[in-house]
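Contents: one structure, followed by commentary.
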């Protein structure tokens with residue numbers, strides 16, 4: 001009788017080749033997953049900033065529609081009289097747009113209360129254009145990371161623009 005000394009299994013060469021192929025597949029897949037995660041994060045940041053700009057635009061438009069009078073100190077600083085003795089003020093401080101309210105009109109510096117940073121991503125300086133009678137052109141240009149330029153990957157600008165009719169006299 002013959003005795004079989006052969007055992008079933010893989011040779012060392014087969015194991016090395018198999019591990020090499022497996023390592024190459026895992027390396028390619030992990031690079032793809034890292035890139036996918038980074039792209040998803042960039043798109044999420046852009047979506048958040050664009051939704052924030054649209055929401056801010058809605059608040060500004062509502063204030064302008066209720067305006068009895070509008071005073072623009074500059075293209076980034078505007079005071080809106082919304083009632084007989086009330087007002088809203090928008091000022092730009094760096095990349096932050098601040099909304100303050102006053103229960104006294106005309107308001108001086110001490111009357112503006114409850115400053116609220118309504119967005120931290122503004123990159124343009126010409127937000128308000130009040131040159132047209134009974135209309136205010138509002139233009140917000142926002143960027144996920146305003147301290148960086150738009151040439152940085154995923155840091156593209158989003159523009160929300162609207163012309164709002166007001167009831168000012």
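The values are calculated or read from the model by the stated rules, or taken from the named source; none is laboratory data. On a predicted model such as this, the values are computed, not experimentally measured, just so you know. Note: ideal-geometry Cβ built from the backbone for every residue, glycine included; neighbour counts use all protein chains shown.
At-a-glance table
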read-out	value
Per-region count, the range 139-165, residues touching a helix residue (DSSP H, G or I) at 6+ places or on another chain (Cβ under 9 Å), buried (at least 18 other Cβ atoms within 10 Å of the Cβ) and within 22 Å of residue 40 (Cβ to Cβ)	5
Subset of the range 80-105 [more than 30 Å from the chain's Cα centre (by Cα) and more than 19 Å from residue 166 (Cα to Cα)]	103, 104
Top-ranked residue of the range 107-120 - restricted to ones that are surrounded by fewer than 19 Cβ atoms within 10 Å (Cβ to Cβ) and in contact (Cβ under 8 Å) with a residue 24 or more places away in the chain, ranked as nearest to the chain's Cα centre (by Cα)	120
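Listed here are the residues, each with its yes/no results for (1) touching a helix residue (DSSP H, G or I) at 6+ places or on another chain (Cβ under 6 Å); (2) exposed (fewer than 11 other Cβ atoms within 10 Å of the Cβ); (3) modelled with pLDDT under 90.
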site: 14; (1), (2), (3): no, yes, no
site: 42; (1), (2), (3): no, no, yes
site: 51; (1), (2), (3): no, no, no
site: 69; (1), (2), (3): no, no, yes
site: 82; (1), (2), (3): no, no, yes
site: 86; (1), (2), (3): no, no, yes
